[in-house]
Amino acid sequence: MRVSQIMSRDIVVISPDKRVGQALNLMQKHNIRHLPVMQNDRMVGWITSRDLREVLLASMLEKITVGDMMIKNPISVNPDTHIEVAARLLLEHKIGGMPVMEGERLAGIITMLDLLSAFLTMLELLRSSSRIDLLLEDKTEALEAATGIIKAVGGKIINVALGPLKDGKRAYYFRLDRCNLAPIIDALNKEGCEVVDFIP
């Protein structure tokens, strides 16, 4: 999935000559945390609610301009960037959002919330489901055996996520169509698969 598929194109912007207080009001009005700073149809900076919180004294809100506080060269991505890359950038730089640039043109904004929503959709986590967490030997055969048992008892697997490896065993998180897990857990236990947790 690409950034262009999930980015916001309805962009609220501000100019660098506006006061910080005006930027805060604009963010509150639109319930957003990031503002591209535009001058003559060109993005010249980026300002966030976190930047604005640094202005502690209310008396300063009408004196300091957006241009004084803005980030002049923000981290950015382009519309063709994979969302995994965008997510890694946000995490590595500890930021909540960034501009999406198409050359010199501001094409959109992508935020952590956009990415979270995309990942939830990709993993089908919003779909009604059940989950079984297993601790298995880190071998393909062990995973295949557990998958076969679940399917044999009628479980329909949506996806499987891998957890950390420890002492030669790995956690596997099986997400299934919502079902009665009791017979599946019983069958797994009988075959020596270690069920560590489940969500009916």
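Bear in mind that the values in this text are calculations on the coordinates, not laboratory data. In this text, all values refer to a predicted model and were calculated from it rather than measured experimentally. Cβ placement follows ideal geometry from the backbone for every residue including glycine, while neighbour counts extend to all protein chains displayed.
Given the Cα-Cα distance of L91 and T140 and 0.36 nm per residue of separation, how much length would full extension add, in nm?
Length gained, L91 through T140: 14.5 nm.
Residue separation times 0.36 nm, minus the C-alpha to C-alpha distance between R178 and N25: what's the value?
Values: separation 153, 0.36 × 153 = 55.08 nm, distance 4.47 nm.
Extra length from R178 to N25 when fully extended: 50.6 nm.
Taking amide H positions as modeled 1.01 Å from N, with prolines and chain starts lacking one, the residues under 5 Å from I64 and 5 or more places away or on another chain are V20. Excluding same-chain residues fewer than 8 positions from K72, which lysines have a Cα within less than 29 Å of its Cα? Here the lysines satisfying the reach criterion relative to K72 are K18, K29, K63, K94. Other residues with beta-carbon under 12 Å from the beta-carbon of R50 carry, at +1 per Lys or Arg and -1 per Asp or Glu, a net charge of +1. Computed over the range 3-120, the alpha-carbon pair-distance distribution with 10 angstrom bins reads 14, 46, 31, 8, 0, each value a whole percent.
Between R53 and E84, 0.36 nm times their residue separation minus their Cα-Cα distance comes to what? Using 0.36 nm per residue and subtracting the Cα-Cα distance, I get 8.2 nm.
Taking GluC sites (Glu not before Pro) in DSSP loop conformation with at most 15 other Cβ atoms inside 10 Å as exposed sites, the chain has its longest uninterrupted site-free stretch at 125-190. At q = 0.26 Å⁻¹ the log10 of I(q)/I(0) for the range 110-187 amounts to -1.20, computed by Debye summation with a single uniform scatterer per C-alpha, solvent ignored.
Only Cα pairs under 8 Å and at least 6 apart count here; give the relative contact order of the chain as a rounded whole percent. Provide the component values of the computation, followed by the final result.
On the way: 328 pairs, mean separation 37.0, N = 200.
Once normalised by length, the contact order is 18 percent.
For trypsin sites (Lys or Arg not before Pro), the sites in the range 1-73 that DSSP calls loop and that have at most 12 other Cβ atoms within 10 Å are R9, K63, K72.
Let's test the formula: R0 of 22 Å, r as the Cβ-Cβ distance of L165 and L116. What FRET efficiency results, to the nearest 0.05? E between L165 and L116, to the nearest 0.05, is 0.30.
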